[in-house]
Amino acid sequence: MTASPLIEFIAREHPAFVHIPLGLVAVLPLAMLASFHPRQGRHLVATSFFIAAIGWLASTMALFSGLIWGRQINLIGPSGFLPVVANEKQVLQRILQIHILAALAGFIVGGICVLLLWRIWRRDFSIGSVGSEHRHHAGRRFWERGVGTPTLLVGLIWVGCWGFSGKLGGIMVFGNEATNRAAAEADKAKRNDVEAELPIRALDYASLEPAEAGPARSKAHGDRWRRVWVTASGIDDYKAGKQLPPGAYAVMSTFSDEKGKPSTEPGPLYMKETKADGSTAFAFYWARVPEALRKEFGNQDNVYWRSPDPKLATCLGCHEKGGTPAK
């Protein structure tokens, strides 16, 4: 299933939406400072309130569009709200995580600021004439005039949160030393990885040793029909339920179900490998994701995940808990 054109537009225009509340929040402290003037304080309190209210409401659209955009470019999971940082090399995900948290902190602080300004505006609105307002302000100490020092400080914290979030957003768009270095390292690793674009060994599973005479059902893998294939160096250990030796791997080919029987419609390929250092790595490859399931895969029509991709955390968690090989 694909997103509607409206949702696509909202996600794509996140950089534009975010500048509206950011601009309003940036000028808010000026109106708040001006409200300390003894003659025009009441009017400038009202101005501050309306700037803050509009900025806060606009920030909800900015937050929503940013979330949808992050999901569409697969930096945030389909049902997640924050990117998962699996390792220190995921610089962009880490920056995005802090960017979102800073924006959320600003949203909460902004809501408090709007509430404080609303209460002050209602109080000053009941004063009446300009003359009575002047006498009212004249009887106050300077830091108690207008919006008051506490509310001004809350407004400045709001600016700080959104300013920091905006700075991180700029880094994600234009890059910095850390993001450029991470991108260069990822590009180099991709060029040196013969399977970066295509799961060659997994696709060649038919050249491996079959671990069973025919297909069987696997409830742990979507209740699909599956058959397991293992390298010759690991077939005996696999059948004995032992850990595969270093360099050995197993591939599980799957098929969808048609009235309780295996179908010719191919499902995903699963691969489990024991690395040279004894660690376990997984891969998941689906050449053609059915349209009805694409929403679960970030609206992608094909997927290829390899360790240490956080999307494979379920595989790792199951096998670390002693999940037995499917037979």
Too long at a 21 Å Cα-Cα cut-off: which of LYS272/LYS311; LYS167/LYS188; LYS219/LYS272; LYS219/LYS275; LYS219/LYS239; LYS242/LYS272? LYS167/LYS188; LYS219/LYS275
Mind checking which of ALA202, SER218, PRO268 is farthest towards the positive end of region 200-320's charge dipole, using Cβ charges of +1 (Lys, Arg) and -1 (Asp, Glu) about the Cα centre? SER218
To the nearest 0.05, the calculated FRET efficiency linking ILE20 and ASP236 through their beta-carbon distance, R0 being 45 Å, is 0.10
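Take peptides 293-304, 43-54 and line them up by average Cβ neighbours within 10 Å, highest first, as a rough protection proxy. Walk me through the numbers on the way to the answer.
Working: 293-304: 15.3, 43-54: 20.9.
Put in order of decreasing packing, that is 43-54, 293-304.
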Can you check how the C-alpha radius of gyration of region 5-189 compares to 2.2 N^0.38 Å, as a plain ratio? 1.28
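Within 10 Å of each residue's Cβ, count the other Cβ atoms and sort THR254, THR60 from fewest upward. Please list the in-between numbers first.
Numbers: THR254 20, THR60 12.
Ordered by Cβ neighbours within 10 Å, fewest first: THR60, THR254.
What percent does the relative contact order of region 200-320 come to when contacts are Cα pairs within less than 8 Å and at least six residues apart?
On the way: 211 pairs, mean separation 19.5, N = 121.
Relative CO of region 200-320 lands at 16 percent.
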ALA178/GLU212 FRET efficiency (R0 41 Å; Cβ-Cβ; nearest 0.05): 0.25
Report the gain in length on full extension from ALA276 to ARG12: 0.36 nm times residue separation, minus Cα-Cα distance, nm rounded to one decimal. 90.7 nm
So how far apart, in nm, are the two label points at ARG123 and LYS89 if each is 7 Å from Cα heading toward Cβ? 5.7 nm
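Would you mind calculating the gained length between GLU291 and ALA220 on full extension (0.36 nm times residue separation, minus the Cα-Cα distance), in nm to one decimal? Numbers along the way, then the final one.
Numbers: separation 71, 0.36 × 71 = 25.56 nm, distance 2.18 nm.
So the extension gain works out to 23.4 nm.
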Please order TRP121, TRP162 by the number of other Cβ within 10 Å, starting at the fewest. TRP121, TRP162
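Which whole-number percent gives the relative contact order of region 5-189, counting Cα pairs below 8 Å spaced six or more residues apart? Mind dumping the intermediate values first?
Numbers: 200 pairs, mean separation 57.8, N = 185.
The value is 31 percent.
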Taking 0.36 nm per residue of separation between ILE108 and ASN302 and subtracting their Cα-Cα distance, the length gained on full extension comes to 66.0 nm
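Bear in mind that the values in this text are calculations on the coordinates, not laboratory data. Remember, it's a predicted structure, so these values are computed and weren't measured experimentally. Counting neighbours? That spans all protein chains shown, and the Cβs are built from the backbone with ideal geometry, glycine included.
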